[in-house]
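Engineer: The structure is given below, and queries will be raised subsequently.
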Amino acid sequence: MSLDEDARWLEWVTKQFESIAGEDKEIDLEEFKTALKVKESFFAERFFALFDSDGSKTISLDELLEALDLLIHGSETDKLRFLFQVYDVDGMCLAYEIKHLHFFDICIVSPLGRSGSIDPDELRTVLKSCLRESAISLPEEKLDDLTLALFESADKDNSGSITFEELKAELENFPEVMENLTISAANWLKPPGLEQKKGRHTPRYLTPAYWHNNSRKLLFLCAYTCLNLLLFITAMLKNAEGGFWYMVAKGCGQCLNFNCTFVMVLMLRRCLTWLRATWVVRVLPLDQNILLHQMVGYAIVTFSTVHTTAHFMNFVHLSQNSSYSLWEHLFTTRPGIGWVQGSASLTGMVLQIMICLMVVCSSTFVRRSGHFEVFYWSHLSYVWVWALLVVHCANFWKWFVVPGVIFLLEKLVGVAVSHMGGLYIVEVNLLPSKVTHLVIKRPQFFHFKPGDYVYINIPDIAKYEWHPFTISSAPEQPDTLWLHIRSMGQWTNRLYEYFRQPDSQVVSTKRLSASLKDRRHQRRAQLSENHRFCNVKCFVDGPYGTPTRQIFASEHAVLIGAGIGITPFASILQSIIYRMRKQNCPNCSYSWCENIKDSEMKLRKVDFIWINRDQKSFEWFVSLLTKLEMDQADEEPEGRFLEMHMYMTSALSKNDMKAIGLQMALDLLAKKEKRDSITGLRTRTQPGRPEWGKVFQKVAEEKKGKVHVFYCGAPALAKLIKAQCEHFGFNFYKENF
């Protein structure tokens with residue numbers, strides 16, 4: 001932190017102290033926790049004990065500011081000594097009773113210290129607590145290995161104990177840890193809710209980088225807006241004789257004719273998949289068809305509301321100058337308004353209600369709150385909306401006929417494809433975090449590209465529901481099709497529970513083939529109750545293309561998957577294995593990668609980043625990642641075609657005092673065993689979240705060609721990554737459907 005930030009922080013601490021302290025101008029431990037908003041009692045107790053210089057079990061403002069000033073303006077050694085005193089529970093037990101020991105128990109040479117060193121048992125206890133804090137589960141044998149690795153490295157004189165000087169010297173071997181340790185103490189004590197003041201910056205949407213990276217979408221939206229204005233004005237001028245409100249109603253009506261048709265065009269998935277393979281993808285924002293579909297939907301609600309309001313105001317005017325009342329204009333066919341027996345008013349009101357319900361039921365809070373079926377079934381009312389529009393408006397059919405025929409053909413092709421051949425789920429694997437891995441017998445006619453998705457219907461789960469999921473297997477993989485499905489809604493939860501039932505009720509262990517190979521597979525499967533063979537009927541509609549189809553046409557691709565968002569990249573990474581097959585010389589130990597000739601393959605470098613919340617989630621594709629590492633085992637790190645980066649967000653980062661010892665031990669053991677203790681991969685799992693500025697800076701410095709970033713995961717993280725891509729001039733693609 002800068003000096004200004006330190007000063008602001010001290011000012012904030014003073015105000016917090018004065019607001020909490022009573023008339024005696026002193027605070028006790030509980031008030032201290034409240035003042036600093038410290039959630040972890042261990043650190044609150046340690047800081048309190050160190051600041052309480054007179055042992056009175058209360059802290060005055062002078063004591064607090066004196067201690068903080070020393071930490072902020074003290075030397076590197078002062079700050080390090082404070083850190084070790086925080087951990088030196090034995091040394092402080094004489095002054096204050098510590099009730100919760102969770103972290104690095106370090107005894108140092110200090111006026112308060114007693115033992116001045118730590119032994120292996122103390123270190124093991126500390127590391128075990130650190131593992132719990134980081135939500136990492138390791139066997140006892142691995143904990144012993146971590147303890148031994150850190151202890152042997154730090155105990156320079158082989159005395160059987162580690163002194164403060166030895167541990168300080170060990171820290172110097174980890175520059176990134178030292179950098180975080182020697183910063184201002186304000187970062188150690190600063191509560192999460194206290195935001196730093198930032199200077200004014202140009203809004204992201206006004207920067208040249210944003211306009212450059214979003215040029216296709218912005219130009220398309222500009223053309224879309226101009227077309228709506230043109231339609232609105234033209235319709236108004238043609239109906240000028242009807243008065244202002246009538247003109248507004250007709251203008252909105254003409255825009256509705258266009259938008260109610262265009263919203264369907266944006267969901268012609270087969271046509272869009274075909275167009276993605278043409279030059280059109282470089283002109284139109286095909287990859288953002290879902291976003292544009294949503295925007296057109298909101299435009300329809302707006303135009304329909306204004307259209308209805310304008311007609312209402314016009315009916316008020318007409319009722320004053322005709323024999324029909326306002327009620328008759330709105331709720332009867334007597335005035336004869338409309339081309340089908342005067343039904344325009346009635347159909348218009350029904351349409352207004354249906355459109356509003358469709359938009360509400362497709363809102364994010366409905367789709368993401370476990371009520372996807374509400375969105376699904378309400379959205380199917382589009383058939384009735386189009387039927388009512390044909391009855392409501394005399395000219396709508398002219399706009400609708402061509403796109404409607406194409407839409408109908410797409411649906412008929414989808415039904416035909418989904419029912420061709422017998423599709424069966426032949427294998428199921430229930431993975432951690434309620435992920436269901438389905439293995440489907442792949443029909444011969446089914447061809448797809450890496451990253452594509454399909455709609456699947458399983459009659460045993462829900463007879464009439466179709467849900468989209470990304471294919472996680474490679475196109476080159478014969479016979480089977482993989483889907484990894486996270487349980488987040490009613491249908492996906494029913495799917496997971498369905499395959500958790502006993503074999504006799506759900507899963508048929510009778511194999512499709514009685515070959516010896518199948519029997520071996522069956523015996524291996526029986527070793528795990530979560531891995532089963534079955535024969536469950538299903539239907540698949542697809543495949544449909546996504547932005548990830550452009551990966552192999554990129555020069556430097558950065559693949560970012562958050563949680564189950566790895567599924568499209570699992571397909572891509574497997575395809576890379578097939579395309580860059582490793583060959584071995586039969587006469588010597590020489591091996592090389594044979595790059596299969598592919599006109600689409602322009603990749604020179606791939607950076608794969610997988611972000612998971614917990615340790616178990618890495619088990620989803622650990623075998624695939626291990627295979628990828630083995631294929632590159634003989635290559636130098638700087639020359640590798642594929643570089644992997646794993647992040648575990650629940651693990652405390654290296655700048656957290658509770659994780660320093662653990663992260664040092666993990667680094668040391670990874671170097672010794674050449675394998676990560678968390679995942680078993682060669683790639684070291686990094687704690688916390690990626691620092692995207694540093695990650696993309698490293699990518700930019702490699703100069704492997706034009707960088708394309710592909711992301712699949714939570715929308716909130718997508719915004720952050722997209723902003724960084726705009727800053728570095730990278731192309732950004734987000735998977736959504």
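Engineer: Sum up the charges of everything whose Cβ sits under 13 Å from the Cβ of residue 250, counting Lys and Arg as +1 and Asp and Glu as -1, but leave residue 250 out.
Structural biologist: Computed value for this residue: 0.
Engineer: Amide H of residue 707: which non-local residues (sequence gap of 5 or more, or other chain) have their own amide H closer than 5 Å, using H built in the peptide plane?
Structural biologist: Amide H to amide H, under 5 Å and 5 or more residues apart or across chains, residue 707 pairs with 731.
Engineer: How much length would be gained if the chain were fully extended between residue 350 and residue 169, taking 0.36 nm per residue of separation minus their Cα-Cα distance, in nm to one decimal? Intermediate values should be presented prior to the final figure.
Structural biologist: Working: separation 181, 0.36 × 181 = 65.16 nm, distance 7.67 nm.
Full extension of this stretch gives 57.5 nm more.
Engineer: Per residue, how much accessible surface does the stretch 229-280 expose to a 1.4 Å probe? Answer in Å², no decimals.
Structural biologist: Per residue, the stretch 229-280 has 49 Å² of solvent-accessible surface.
Engineer: A follow-up question, please. I'd like the accessible area for residue 152, computed on protein heavy atoms only with a 1.4 Å probe and all protein chains in place. Round to 10 Å², please.
Structural biologist: The value for residue 152 is about 110 Å².
Engineer: Now, a different point. Working with all protein chains in place, sort 156, 703, 463 by solvent-accessible area computed with a 1.4 Å probe, largest first.
Structural biologist: Most to least solvent-accessible, the answer reads 703, 463, 156.
Engineer: Can you work out ³J(HN,Hα) from phi for every residue in the stretch 48-63, in order, using Karplus 6.51 cos²θ - 1.76 cosθ + 1.60 and θ = phi - 60°, giving whole Hz and x for Gly and Pro?
Structural biologist: Rounded to whole hertz, the list is 4, 5, 6, 6, 7, 5, 9, x, 7, 6, 9, 10, 8, 4, 5, 4.
Engineer: Could you work out the local net charge near residue 478, counting Lys and Arg as +1, Asp and Glu as -1, over the other residues with Cβ closer than 12 Å to its Cβ? Don't skip to the end; give the middle numbers.
Structural biologist: On the way: positive: 441, 442; negative: 476, 479.
Summing Lys/Arg as +1 and Asp/Glu as -1 gives 0.
Engineer: Viscosity 1.567 mPa s, temperature 4 °C: give me the Stokes-Einstein translational D for the stretch 638-737 in µm²/s, with Rh taken as the Kirkwood radius over C-alpha pairs.
Structural biologist: The calculation lands on 84 µm²/s.
Engineer: Please list 402, 126 in order of solvent-accessible area, largest first, computed with a 1.4 Å probe with all protein chains present.
Structural biologist: Numbers: 402 95, 126 0 Å².
Sorted descending by solvent-accessible area, the residues read 402, 126.
Engineer: For the stretch 341-474, report the accessible area per residue in Å² (1.4 Å probe, heavy atoms, rounded to an integer).
Structural biologist: Solvent-accessible surface per residue comes out at 47 Å².
Engineer: Once you order the gyration tensor axes a ≥ b ≥ c over the Cα atoms, which shape class does the stretch 319-416 get: rounded for a/c under 1.5, otherwise prolate or oblate by comparing a/b with b/c?
Structural biologist: Cα axes put the stretch 319-416 in the oblate bin.
Engineer: So, one more: If the chain between residue 227 and residue 30 were fully stretched, how many nm would it gain, using 0.36 nm times the residue separation less the Cα-Cα distance?
Structural biologist: Using 0.36 nm per residue and subtracting the Cα-Cα distance, I get 64.5 nm.
Engineer: Run the 1.4 Å probe and let me know the accessible area of residue 140, rounded to the nearest 10 Å².
Structural biologist: 90
Engineer: Still on this structure, please answer the following. Students sometimes get this wrong: rank 339, 245 by accessible area, probe 1.4 Å, all chains present, largest first.
Structural biologist: On the way: 339 135, 245 100 Å².
I get 339, 245, largest accessible area first.
Engineer: For residue 323, what accessible area in Å² do you get when you roll a 1.4 Å probe over the heavy atoms of the protein chains, rounding to the nearest 10?
Structural biologist: 100
Engineer: At 1.4 Å probe size, with the rest of the protein present, what percent of the exposed accessible area of the stretch 246-328 is carbon and sulfur atoms? Before the final figure, lay out the partial values.
Structural biologist: On the way: 2660 of 3870 Å².
Exposed carbon and sulfur together represent 69 percent of the surface.
Engineer: I want to check the label-to-label distance for residue 15 and residue 341. Put each point 7 Å from Cα in the C-beta direction and report it in nm to one decimal.
Structural biologist: About 7.1 nm separates the two model spin labels.
The values are calculated or read from the model by the stated rules, or taken from the named source; none is laboratory data. The shown structure was predicted, so the numbers you read here are calculated from the model rather than taken from an experiment. Here the Cβ is made from the backbone with ideal geometry for all residues, glycine too, and neighbour counts use every protein chain on show. For accessibility, only protein heavy atoms count, side chains too; no ligands or nucleic acids. Shrake-Rupley method; radii C 1.70, N 1.55, O 1.52, S 1.80 Å.
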